[in-house]
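Sharing a structure with you now.
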Amino acid sequence: MNDPTLTPAAPPRLSRSAGHGRAAAPVRILHVGLGNFFRAHQAWYTDNAPDASEWGIAAFTGRSPAMVDALDPQGGLYTLITRGADGDRFDVVSSISAVHDGADHDAWLACWTSPDLAVVTLTVTEAGYLRSPTGRLDTSNPDVRADVEALGADPTAPARTTPGRIVSGLLARRAAGAGPLAILPCDNLPGNGPALAAVVADLVDLVDRSLAGWVADHVAFGTTMVDRITPATTDEHRAAVLAGTGLVDASPVPTEPFSEWIIAGAFPNGRPDWQAAGARLVDDVMPFEQRKLWLLNGSHSLLAYAGSIRGHETVAEAIADPVCRGWVEEWWAEASRHLSLAEADVAAYRAALLRRFENPRIRHALAQIAADGSQKIPVRIVPALRAELAAGRVPVGATRAVAAWVGHLRGHGAPVHDARAEEVRRLGDGTLEESVDKVLGFLGVDLAADERVRAAVLEHARSLATPAAAQS
Ligand code: CS2
């Protein structure tokens, strides 16, 4: 017989049924892309809204069901670990009422056909929009073609891509007469609302043109700027939750104290009171989005490539290296000249960014940020590079960031993981000169044709490729 005084009880697992968190709210939000960023950001804002008990989220994974396996036994609950300089704060987030494998098509259609559904949010990464270089749907993508064929033959068929899944939901919602809703993409793409609307419209055009009018009357695509540095979960985070709360959580989320959400758009079927939780509703997201995409994400990408070539593993390590920090400052000075926000605001944002990057309690892996450069460099670095050229300057920081990506594609620093891996690996082949030409060609014919840009990128790429120089 076990003597309970001798056998320590296993620590309890976090779960709604064990009395943790709020009761599950009725589902009125559907989220696509059940990852850490969504859980630290949109789900957290929803959880903190004063009307949270009326706004439950049904969250679907992208492709892998792993997050469902971790969260379903916990009733969708998880612990948010907010890592400040002075220690951890643990909060149970209760806004996810249901978690679903992205492949669960019945659950998908059931959500879309519910008149209660008011908002669809997405975090599917930049690559998930399947845009061609012109910003329209990449119809040469085999998964897009498969979706066109499947949905053209049967509007209730499951789709593979994000635009395909959205169109399948919209077809079902129209058929059910379930009314209007808002779609709010939350990925780091400039003008993410119009960007998503464009790829959805292109797919509608190929699948069922009669849906276009219904979409125009019933769907409001909003635009957002989202910001919160959120690394991947490790065993260390699980152990911290157990030590801090006494609960077992299979999938806590580490994040930083800072958080920002800027939203523009209409919500024809309502939305949570996100403003009361700190979100800002504005008419135009662009000034905020450029500030964040260029200053935060641009320097993240610069550090991911150049910092990892210098042997660093995390953002905090790289920004503590005076050489990397100087490169970041150089890039910030160039990019800041083209932002439309007040200079004082930009200066304050830069100062805060340095503190955020330095936070030693956030282990944000450069290798994670390095992924999908083909989607990131064009929107994070190239716009400010072009703006500088137009002003008659060849920017040192921006060309160094491009050169660092060249080095990365040539096998230096963090490994290459890219949605367009085959294509970008070929950009790294050949001599350094050839690589630079190919990369610039990929980023824009105007850049490839500009001898000054080519020379600057080549010079930086040479010095980064020399171990001694990269370390200087
Ligand atoms: C990062 C972002 O992985 C990346 O590319 O730059 O995830 C970044 O941490 C977030 O946008 C911060 O809000």
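Got a sec? Which residues in segment 399-417 would a label at GLU313 touch, if it sits 7 Å along Cα→Cβ and we count backbone N under 19 Å?
Backbone N within reach: 412-417.
Helix-only mean residue ellipticity at 222 nm, the chain, DSSP H runs n ≥ 4 weighted -39,500 (n - 2.57), per residue, nearest 500. What is it?
Taken over the chain, the calculation gives -13000 deg cm²/dmol.
Compare the peptides 224-230, 386-392, 201-207 by average per-residue count of other Cβ atoms within 10 angstrom and give them in order, highest first.
Going from most to least packed, we get 224-230, 201-207, 386-392.
Against the 2.2 N^0.38 Å scaling, with N counting residues, where does segment 138-198 land? I'd like the Cα-based Rg ratio to two decimal places.
That works out to 1.20 for segment 138-198.
So, counting K/R as plus one and D/E as minus one, what does the shell of residues with Cβ under 12 Å around TRP332 add up to?
Net local charge, TRP332 excluded: +1.
Rank the residues TYR305, TYR45 as a footprinting-exposure proxy: fewest other Cβ atoms within 10 Å of their Cβ go first.
Final ranking by Cβ density, sparse to dense: TYR45, TYR305.
Sorting check: for 418-429, 167-178, 289-300, which peptide has the highest mean count of neighbouring beta carbons within 10 Å, and how do the rest follow?
Put in order of decreasing packing, that is 289-300, 167-178, 418-429.
Still on this model: So if I take the centroid of the Cα atoms in segment 101-176 and the same for segment 17-36, what is the distance between those two points in Å?
When both Cα centres are located, 22 Å separates them.
Go ahead and run the numbers for FRET between VAL394 and GLU434, Cβ-Cβ distance against an R0 of 25 Å, rounding to 0.05.
The computed FRET efficiency comes out at 0.75.
Next question, about the same structure. Determine, for ASP249, ASP106, ASP273, the number of other Cβ atoms within 10 Å of each Cβ, and report the residues in order from fewest to most.
If I rank by nearby Cβ atoms, fewest first, I get ASP106, ASP273, ASP249.
Also: Could you list the residues of segment 230-262 with an amide nitrogen less than 13 Å from a label point located 7 Å from the Cα of ALA367 in the Cα-to-C-beta direction?
Residues 232 fall inside that zone.
Taking square-rooted eigenvalues a ≥ b ≥ c of the alpha carbon gyration tensor, is segment 208-358 rounded, prolate or oblate, where a/c under 1.5 means rounded and, failing that, a/b exceeding b/c means prolate?
Oblate shape, in that a/c is at least 1.5 and b/c is the bigger or equal ratio.
Mind running the shape call on segment 82-196? Use the C-alpha gyration tensor, a ≥ b ≥ c as the square roots of the eigenvalues: rounded below 1.5 for a/c, prolate if a/b tops b/c, oblate otherwise.
Since a/c reaches 1.5 but b/c is at least a/b, the shape of segment 82-196 is classed as oblate.
I've got another one for you. Could you check the spin-label model distance between ASP69 and ALA266? Points 7 Å from the Cα along Cα→Cβ, value in nm.
Roughly 4.5 nm, to one decimal.
Let me ask another. Could you give the alpha-carbon Rg of segment 141-267 over 2.2 N^0.38 Å, rounded to two decimals?
In units of the 2.2 N^0.38 Å rule of thumb, it is 1.38.
Decide, for segment 286-470, between rounded, prolate and oblate: order the square roots of the alpha carbon gyration tensor eigenvalues as a ≥ b ≥ c, take rounded if a/c falls under 1.5, and otherwise choose prolate if a/b is larger than b/c, else oblate.
In terms of gyration-tensor shape, oblate.
Report, in debye and to the nearest 20, how large the dipole of the chain comes out about its Cα centre when Lys and Arg carry +1 and Asp and Glu carry -1 on their Cβ.
Computed about the Cα centre, the dipole is about 420 debye.
Let me know the Kirkwood hydrodynamic radius for the chain, please, with Cα pairs as the basis and the value in Å to one decimal.
Here the Kirkwood hydrodynamic radius works out to 23.4 Å.
Write down the percent of antiparallel bridges among all DSSP beta bridges whose residues are both part of the chain, to the nearest 5.
The antiparallel fraction comes to roughly 35 percent.
What FRET efficiency, computed as 1/(1 + (r/R0)^6) with R0 = 45 Å and r the Cβ-Cβ distance, is obtained for ALA239 and ARG209, rounded to the nearest 0.05?
Efficiency computed from Cβ-Cβ geometry: 0.25.
For GLU459 and ALA85, what does the FRET efficiency come to when R0 = 41 Å and r is the distance between their Cβ atoms, rounded to the nearest 0.05?
0.60
In addition: Provide the gained length on full extension for the span ARG13 to HIS417, in nm with one decimal, where the gain is 0.36 nm per separating residue minus the Cα-Cα distance.
142.0 nm
Taking the mean number of other Cβ atoms within 10 Å as a proxy for protection, how do you rank 126-136, 337-347, 110-120 from highest to lowest?
Top of the packing list down: 110-120, 126-136, 337-347.
Suppose a student asked you for the relative contact order of the chain, using Cα pairs under 8 Å spaced at least 6 residues apart; what percent would you report?
So the answer I get is 14 percent.
Values in this text are rule-based calculations from the coordinates and carry no lab data. Since the structure is predicted, the reported quantities are computational estimates derived from the model, not experimental observations. Here Cβ is always computed from backbone atoms with ideal geometry, including for glycine, and neighbour counts include all displayed protein chains.
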